[in-house]
1. What are the residues in region 415-460 that are assigned to a strand (DSSP E or B), under 30 Å from A175 (Cβ atoms) and of a type in the set (S, T, Y), if any?
2. If we keep just the residues of region 310-328 that are over 28 Å from S289 (Cα atoms) and surrounded by 14 or more Cβ atoms within 10 Å (Cβ to Cβ), which is modelled with the highest pLDDT?
3. Looking at the structure I just gave you, is D278 assigned to a loop (DSSP other than H, G, I, E, B), without any contact (Cβ under 8 Å) to a residue 24 or more places away in the chain, within 32 Å of the chain's Cα centre (by Cα) and not assigned by TED's automatic domain parsing to the domain that holds A415?
4. Kindly provide the set of residues from region 225-256 that are assigned to a loop (DSSP other than H, G, I, E, B) and charged (D, E, K, R), ordered by number.
5. Filter region 344-357 for residues that are surrounded by 22 or more Cβ atoms within 10 Å (Cβ to Cβ) and in a strand (DSSP E or B) and give the result.
6. Under 6 Å between Cβ atoms, which residue pairs at least 6 apart in sequence (or on different chains) link something in region 165-194 that is under 18 Å from K129 (Cα atoms) with a partner that is among the β-branched types (V, I, T) and part of a loop (DSSP other than H, G, I, E, B)?
7. Considering only residues that are touching a Leu at 6+ places or on another chain (Cβ under 7 Å) and more than 26 Å from T372 (Cα to Cα), which ones fall in region 415-444?
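The values are calculated or read from the model by the stated rules, or taken from the named source; none is laboratory data. The structure displayed is predicted, hence computed values, not measured ones. Here the Cβ is made from the backbone with ideal geometry for all residues, glycine too, and neighbour counts use every protein chain on show.
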Amino acid sequence: MKLSNTNGRSRNHLGLLVLAVLLFPALSFAQMNYSNWVYRNSTDTTLARCWNDSASAIMFPPGSISGMMMNMPDSIYCRIDKMPMDSLSISHDSTFIGWYRIQIGKDSTDFNMMSYSMMGGSNMMQFYKSMSCYLYWDSMMTDSVYRNWHPTGVMGWNGSSWTAMSGVTFSGSRAMFTTPEAYSAFAFVGQAPKTSSGQYSYGNWVRKNASDTTVIKCWNDSATTMMFAPGIMSGMMMNISDSIYCRVDEMPMDSLGLSHDSTFIGWYRIQIGKDTMDFNFMSFSGMGSANMMQFGKNIVCHLHWDSVTADSMYRHFHPTGIMAWNGSGWISLSDVSISGNVLSFATSDAYSAVAFVGAPEKTTAVVSHPGTPSTFSLSQNYPNPFNPTTVISYQLPAVSHVTLKVYDIRGNEIATLANGTQAAGIHTVQFSGSDLASGAYFYRLSTQEFVRTMKMLELK
């Protein structure tokens, strides 16, 4: 794979390699050019990444500026910046929750072709081929008033009005769409979650007299939260302080010193105390009552199991339930709902250790067909789009060790469909996305002599 870096910024990290392989599977030449420069005669797809959020990028296929106006230079420079909401001076309504500024010009300092301005034609630019846009809305970096919202769409500023982008799909907080038109401003629109009190307070402190629901986020995984309702400390022991400090940490499996069986695939440590250094009410201590704490109302918990950061032996598992440590043994929590890798439940008891139990992904049988093909190949899945199952076919001209894996848009491996030595011939395998959200996914066939990645779309 060729990696060029004409803007002088280092891109040599694993995330780029995964993105290069997965995001543009249909390119037979399997080349990706990492740069903010888009060249007229480029034979590679150009990946222009956001300057202050590497999870966001715009991808320009070869020929993007071919056939455009004659005075177009041989190369253009594209810069993408994530911007604070209070810098969006264009009129917008209260559903706008974040935005990106896109600038295009003849070099890195002169954006003479497209730049963000209040009105006028310089806010939009038409390309010869559609760009693929991947824009990430970061709830932790947005203005505090929007942190409990979720994005529902993307708007583009054309110089006179906002236009809704069509065909936008979401994978978590990342929006994905294609468009032949670049806009100087792309904005997220969103919705606030429904709550009985209508108010959220973000922090690690839970206060006895709070009138808002307190949302505590995990220190190292913001997708994990614990929500404490107003009055949750009422009726508790008399010596409880007016406020308590709660810290949640995602922990590696090899740090769980308590006895557990092979179904345990990940865990969180939860500590509660009078301040940030003294967890005198509840701490992870192996045995004893200090491992559990009872509240006056239910705590609503949303725990995310991250297959990427999990120990490698569990990456092909999926979570099936929650176990909690009460100081003397593990207990199974009831009424746990599962949405992908996020498990949600409500409990009036806080536990110092909450663990995921899981099971391996179901092994999918590979069906072989007679005949010896002359070349390696990987076919487009059928049907595509699919819901929830589809069939993937490939052919091998000789006995080969084969791996066939499925990835999501972020490069997270979500399934292994084949891993072993297979005979020459045509092979088919069925993939089920029943536990997955709608969106784009990628499947990759690898042998010693052949590697190919292709894209598929699940629509529910």
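1. Once the filter is applied, which keeps residues that are assigned to a strand (DSSP E or B), under 30 Å from A175 (Cβ atoms) and of a type in the set (S, T, Y), region 415-460 yields T416, S432, Y441, Y443, S446, T453.
2. Across region 310-328, the extreme among qualifying residues is H318.
3. Numbers: assigned to a loop (DSSP other than H, G, I, E, B): yes; without any contact (Cβ under 8 Å) to a residue 24 or more places away in the chain: yes; within 32 Å of the chain's Cα centre (by Cα): no; not assigned by TED's automatic domain parsing to the domain that holds A415: yes.
The answer is no for D278.
4. Initially, region 225-256 is screened for residues assigned to a loop (DSSP other than H, G, I, E, B), giving 229-242, 252, 256.
Result: D242, single match.
5. Start the filter on region 344-357 by keeping residues that are surrounded by 22 or more Cβ atoms within 10 Å (Cβ to Cβ), which leaves 350-356.
Listed by number, the residues that qualify are A350, Y351, A353, V354, A355, F356.
6. As it stands, the answer is F177/V168, since those pairs meet every condition given.
7. Once the filter is applied, which keeps residues that are touching a Leu at 6+ places or on another chain (Cβ under 7 Å) and more than 26 Å from T372 (Cα to Cα), region 415-444 yields S438, A440, F442.
Each row is one residue, and each column tells you yes or no for (1) buried (at least 18 other Cβ atoms within 10 Å of the Cβ); (2) touching a Lys or Arg at 6+ places or on another chain (Cβ under 7 Å); (3) at pLDDT below 75.
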site	(1), (2), (3)
P193	no, no, yes
S196	no, no, yes
Q199	no, no, yes
Y202	no, yes, yes
A210	yes, no, no
T213	yes, no, no
K217	yes, no, no
M227	yes, no, no
P230	yes, no, no
